[in-house]
Each structure stands twice: as structure tokens, then as C-alpha cells.
Amino acid sequence: MSAQTEAIVDWLREQLKASGSRGFVVGLSGGIDSAVVVRLCQMAAPGSVVGVVMPCHSDPRDEVDAMTMATHFKIASIHVDLAPTFDALTSALQHALSALPAGLAQAASGDATDIKARMPLANVKPRLRMATLYYIANTLNYMVVGTGNRSELTIGYFTKYGDGGVDLLPIGNLLKSDVRAAARELGVPSAIIEKAPSAGLWLGQTDEDEMGFTYADLENYLLSGPDAVSPALGLRIERLMRASEHKRALPPAPREG
């Protein structure tokens, strides 16, 4: 085990002891980040980890890969189909919004072909997953372990109070390439390592398509600064960092007095 991996495992043990919790809950998406995180948690607390598979109109391959990961490392898993809940909730939300005055209702409807307009609906999925993970964790007296890495956290590529709503971020200091290296070291199946990263917000969605640049480009910027990428890309990354600052901070409150 590398020094980096060993340090994360030790840190997880320390966090578990300090919290007084009995184990870890991890959402299994079928992707490399959740695979690495659940394996690290298993190494820190053998027999006290639960992986949760939560399809929600998802790519069927994601569910297969998630279960493959759980089986490969013999991790206890739970399957919760969130599609019926998602359908019922979003139908009720859209019906409620349609009752707004005409101008507001039109603004709320948005353009279904525009990514920004799709996000309110798409973000319901990770927020339902967050609620599911915390129900299971609270019931078992476990901690919810997030799967965000440094690359994604830096530019805010996560849903506020969705996959960003967790207790711990064990790979929060690892770049995507570091996560891949850890996955190989930990024995994660190659099919999971090589698949295109996706947040699973809609069918066919991939991280790099939505970000508008590659993880390699982002890492060049983070490791070597703005001069390592084109001026336009540097400005885009910096804009994303500024715009997502609220995701990495506690909600503001007025000053006293």
C-alpha cells in the first residue's frame, strides 16, 4: 500500500473513532471515485461499510458496475430505486410552479435543450441520494462518506446539498489522475477505471462534456498555473472557481451589531 493510500486509511480510522460512529455509508455510482472511496473505507473499517446503489433513470451499466464493485470486494450493499420517488416529486414540483403568475411560470419552465435549464430537475437526483444515504447512516450510526476529488471540488463540479452533502471527503485532496492511480493500486476492476466519468444526471451525460474541458486540462491548470493552458480555458476555470465558492463555504449570516 502506498504512503498516500495508507495515510487516507489511517485518517478514516481516526475520523470514525473521533465521531463515535460505527461505520461508513458510501453511494456506489459505478464510477471510479466511489469505487476507490468504498475500498478505502473497507480497509479502514472491515465489515462496517455499506455501499448503496441508487438508480434514478440511470444508465443500466452504472448499476451493473456498482454491483460489480460491491461483489468484487465483498462489500455489503443496499439497492434503492429512486426513480418512482423522483417522478412523483418532480411532477408535484412542476405542477406547483405552473400555478405561479404567468411571467414567473414561464421563467421557471426554461428551455429543455439548455444545460442550465435542465439542472434544477437534474439536481433533484443527487439530493434524493443524499437524503437516502443519511437515512441509512443515521439508522446504523454510520458516517456518510463523499466521493468528491480535488479536481471536481475546486471548480464546484458537485451538487450543493446533494453529493456535496457528506460527513467526510477522503479523496478530496486527490486529483483525478491520483484517483486512477489509487484505483489500480487497490485492485478496482479495469472496466470501472477506464469508463468515462459521469455524474449520472441524465443518460449520456459525461463530466468532461458538461465541464467543457478535460480532467487533464484542469490538472495542468491546478498543478502548473494559468500559463499551462490556453488563456480562454484559464479564464473559464477561474470563473468556475469564483462562481462555486458558495458551495465550499458555510451559508453567510449578517454580522452581529
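The values are calculated or read from the model by the stated rules, or taken from the named source; none is laboratory data. Computed from a predicted structure; not experimentally measured. Note that we place each Cβ from the backbone using ideal geometry, even for glycine, and neighbour counts take in every protein chain shown.
The helices (runs of 4 or more DSSP H) found entirely in the stretch 173-257 that carry 2 or more residues being aromatic (Phe, Trp, Tyr) are 215-224. Of all residues in the stretch 64-90, those that are under 10 Å from Ala35 (Cα atoms) have Cβ atoms under 6 Å from Cβ atoms of residues that are modelled with pLDDT under 95 and assigned to a helix (DSSP H, G or I), 6 or more apart or on another chain, in Asp65/Ile192.
Tell me yes or no: at least one residue of the stretch 77-84 is acidic (Asp, Glu) and buried (at least 19 other Cβ atoms within 10 Å of the Cβ). Looking through the stretch 77-84, none of the residues is acidic (Asp, Glu) and buried (at least 19 other Cβ atoms within 10 Å of the Cβ). Residue-level check: of (1) in contact with a helix residue (DSSP H, G or I) (Cβ under 8 Å, 6 or more places away or on another chain); (2) outside the structural domain of Thr132 (by TED's automatic domain parsing); (3) of a type outside the set (A, V, I, L, M), Ser198 misses just (2). Of all residues in the stretch 156-175, those being surrounded by fewer than 21 Cβ atoms within 10 Å (Cβ to Cβ) and over 18 Å from Glu245 (Cβ atoms) number 4.
For beta carbons closer than 7 Å, sequence separation of 6+ or different chains, a first residue in the stretch 109-124 that is at pLDDT 65 or above and a second that is loosely packed, with under 14 Cβ neighbours inside 10 Å, the qualifying pairs are Ala117/Asp111; Arg118/Ala112.
For the criterion of being buried (at least 21 other Cβ atoms within 10 Å of the Cβ), part of a helix (DSSP H, G or I) and either at pLDDT 95 or above or not assigned by TED's automatic domain parsing to the domain that holds Pro84 (or both), Leu128 fails.
On inspection, Leu89 qualifies as touching a Leu at 6+ places or on another chain (Cβ under 8 Å), at pLDDT 95 or above and assigned to a helix (DSSP H, G or I). From the list Leu40, Leu93, the one residue that fits, being closer than 22 Å to Leu140 by Cβ and either in the same structural domain as Gly164 (by TED's automatic domain parsing) or touching a helix residue (DSSP H, G or I) at 6+ places or on another chain (Cβ under 9 Å) (or both), is Leu40. Residues that are more than 23 Å from Gly164 (Cβ to Cβ) and among the charged types (D, E, K, R) are absent from the stretch 33-45. You will find that of Ala66, Ala117, Ala35, Ala70, the residue that is farther than 26 Å from Glu194 by Cβ and either among the hydrophobic types (A, V, I, L, M, F, W, C) or in a helix (DSSP H, G or I) (or both) is Ala117 and no other. Of all residue pairs spaced 6 or more apart or on separate chains, those with beta-carbon atoms under 8 Å, a first member in the stretch 1-14 that is at pLDDT 95 or above and a second member that is of a type in the set (Phe, Trp, Tyr) are Leu12/Phe24. Among the conditions (1) farther than 14 Å from Glu152 by Cβ; (2) at pLDDT 95 or above; (3) of a type outside the set (A, V, I, L, M, F, W, C), the only one that Glu219 does not satisfy is (1).
For every residue, the table says whether it meets (1) out of contact with any strand residue (DSSP E or B) (no Cβ under 8 Å at 6 or more places or on another chain); (2) of a type in the set (S, T, N, Q); (3) at negative phi.
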| residue | (1), (2), (3) |
| --- | --- |
| Gly164 | yes, no, yes |
| Leu168 | no, no, yes |
| Gly187 | yes, no, no |
| Ala196 | yes, no, yes |
| Glu219 | yes, no, yes |
| Gly225 | yes, no, no |
| Ala232 | yes, no, yes |
| Leu240 | yes, no, yes |
| Pro252 | yes, no, yes |
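Among the residues making up the stretch 1-32, those that are part of a loop (DSSP other than H, G, I, E, B) and polar (S, T, N, Q) are Ser2, Ser21, Ser29.
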